[in-house]
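For reference, the structure discussed in these notes is given below.
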Amino acid sequence: MSWSFRLGRLWGIDVYVHATFLLLLGFILFVGYRSSGSLPSALEDVLFVMMIFGIIVLHEYGHALTARRFGVQTKDITLLPIGGVARLERIPENPVQEFLIAIAGPAVNVGFALLCFLLMGGRIPNFGETTLLDGPLVQRLFWANVSLVVFNMLPAFPMDGGRVLRSLLAMNMNYVQATRTAAAVGQGVALLMGFFGLMAPAPMLVIIAFFVWIGAGQEAASVVQRSTLGDLRVGHAMMSDFRALRPEDSLETVGQLILAGFQQDFPVLVDAQVVGVITRRDLLRSMAQSGRFTTVGEVMQREFETARPDERLVDVLPRLQSSQCHAMPVVEGNRLVGLISAENIGELIMLLDADQASRQRV
């Protein structure tokens, strides 16, 4: 994720912190100092927030390590002002596996809440006597973890509760229908949150409601897309009519090809082997800096993703979406056989939908 820097690596998974998280800490420091007039008190508030986000990171590791048990790897964990995000390479469509992965994160918070409960002598503190920013540390941590459990278990994507609901529904209906139902429930929750946020007024609740609404829609669309693609392979959607470049070609040549055709990304070949990729963005940046006579070999990207014609489109699409290149070279052995882009996949989906609609009319 852009604007993020690596904090460390634990259990084989990198942890990143988004730059905006530092703005949050600065805001907490400012508000704390302004309300108390004491720098040590303000720093204590910042330390408490950092402890909460440390627990959130462990919450995400709960998801990641459970997913690993089912053969699902985690790309990384990123700390954001609104929480943590564990980027799993995929969400298993086995409902039991998804249920266990989704519930593992809140289970971490339940464990911390129980630990705080024991440290408090088995007594649940009165919530009116303690707030998240005032009171004994153990009590504040107890209520923070309880709050995280309650919030994350709301039955709405992208929260864990949405995935738990989907997995339970998928035990009794097909995965696509279960996702659509869970997404509809999540958007209903978003409407309620938005309503209460406007009435309170609570602007943060309205912002959260907006993201929940968007997240539910995106999850439903993603699952429908994967269902439509099914077991289709890269070879079904790739461009087989494309242009390739050589390292000695000039950026002027690249510009002429972009104007004359439909490609925006070009593979760069040496003896029929792909050695790089140059994108429209690379072209514009490099022409502005170095001029049109700069060679492709000087500015091409030497690290790039490739796909095979026999790979499933649903497996390649996430790599393509996270890639900096508009199109991904498709190779068979060491030979370039095509290019695949998100537009190709989108066009294939539209053709499949049109064909299905035609069949239904017949």
Exercise for the section: Kindly state which helices (runs of 4 or more DSSP H) lie completely within segment 280-362 and contain at least 3 residues that are modelled with pLDDT under 75 and outside the structural domain of PRO267 (by TED's automatic domain parsing). Expected result: 342-361
Exercise for the section: Identify, by number, the condition in (1) more than 30 Å from GLU98 (Cβ to Cβ); (2) touching a helix residue (DSSP H, G or I) at 6+ places or on another chain (Cβ under 8 Å); (3) charged (D, E, K, R) that ASP271 doesn't meet. Expected result: (2)
Exercise for the section: Among what's in segment 2-45 and is assigned to a loop (DSSP other than H, G, I, E, B) and polar (S, T, N, Q), pick the residue that is farthest from GLN324 (Cα to Cα). Expected result: SER38
Practice task
Please tell me if LEU23 is surrounded by fewer than 16 Cβ atoms within 10 Å (Cβ to Cβ), over 16 Å from PRO106 (Cα atoms) and touching a residue at least 40 places away in the same chain (Cβ under 8 Å).
Solution key: yes
Fill in the blank from the handout: Screening VAL268, VAL206, VAL274 for residues that are touching a Leu at 6+ places or on another chain (Cβ under 9 Å), surrounded by fewer than 20 Cβ atoms within 10 Å (Cβ to Cβ) and part of a strand (DSSP E or B) leaves only VAL274
Exercise for the section: Only one of these is in contact with a helix residue (DSSP H, G or I) (Cβ under 9 Å, 6 or more places away or on another chain), crowded, with 16+ Cβ neighbours inside 10 Å and of a type outside the set (Lys, Arg): SER341, SER323, SER290. Name it. Expected result: SER341
Handout entry: Condition met for ILE28 (touching a Gly at 6+ places or on another chain (Cβ under 8 Å) and buried (at least 18 other Cβ atoms within 10 Å of the Cβ))
Key = no
Completion exercise
Every listed condition ((1) part of a helix (DSSP H, G or I); (2) loosely packed, with under 15 Cβ neighbours inside 10 Å) holds for GLY71 save (1)
Problem - Selected residue (criterion: nearest to ILE103 (Cα to Cα)) from residues of segment 134-151 that are in contact (Cβ under 8 Å) with a residue 24 or more places away in the chain and out of contact with any helix residue (DSSP H, G or I) (no Cβ under 6 Å at 6 or more places or on another chain) - result: ARG140
Handout entry: Check on GLU60, among the acidic types (Asp, Glu), in a helix (DSSP H, G or I) and either touching a strand residue (DSSP E or B) at 6+ places or on another chain (Cβ under 6 Å) or over 24 Å from ALA19 (Cβ atoms) (or both)
Key = yes
Problem - Count of segment 250-265 residues which are crowded, with 20+ Cβ neighbours inside 10 Å and without any contact (Cβ under 8 Å) to a residue 60 or more places away in the chain - result: 2
Handout entry: Of all residues in segment 209-249 being under 25 Å from ARG180 (Cβ atoms), of a type in the set (D, E, K, R) and crowded, with 16+ Cβ neighbours inside 10 Å, the one that is modelled with the highest pLDDT
Key = GLU219
Completion exercise
Residue pairs within 8 Å by beta carbon, gap of at least six or interchain, first lying in segment 152-170 and within 24 Å of VAL57 (Cβ to Cβ) and in contact (Cβ under 8 Å) with a residue 60 or more places away in the chain, second crowded, with 21+ Cβ neighbours inside 10 Å and of a type in the set (Phe, Trp, Tyr), listed first then second, are ARG163/PHE157
Exercise for the section: Mind telling me which of the residues VAL270, VAL234, VAL254 ends up being closer than 17 Å to ILE340 by Cβ and aliphatic (A, V, I, L, M)? Expected result: VAL234
Practice task
Just one of (1) modelled with pLDDT under 90; (2) within 22 Å of the chain's Cα centre (by Cα) trips up ILE101, so point out which.
Solution key: (1)
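The values are calculated or read from the model by the stated rules, or taken from the named source; none is laboratory data. Note that this is a predicted model, so its numbers are computed, not measured. No Cβ is skipped: glycine too gets one built from the backbone with ideal geometry, and neighbour counts run over all protein chains shown.
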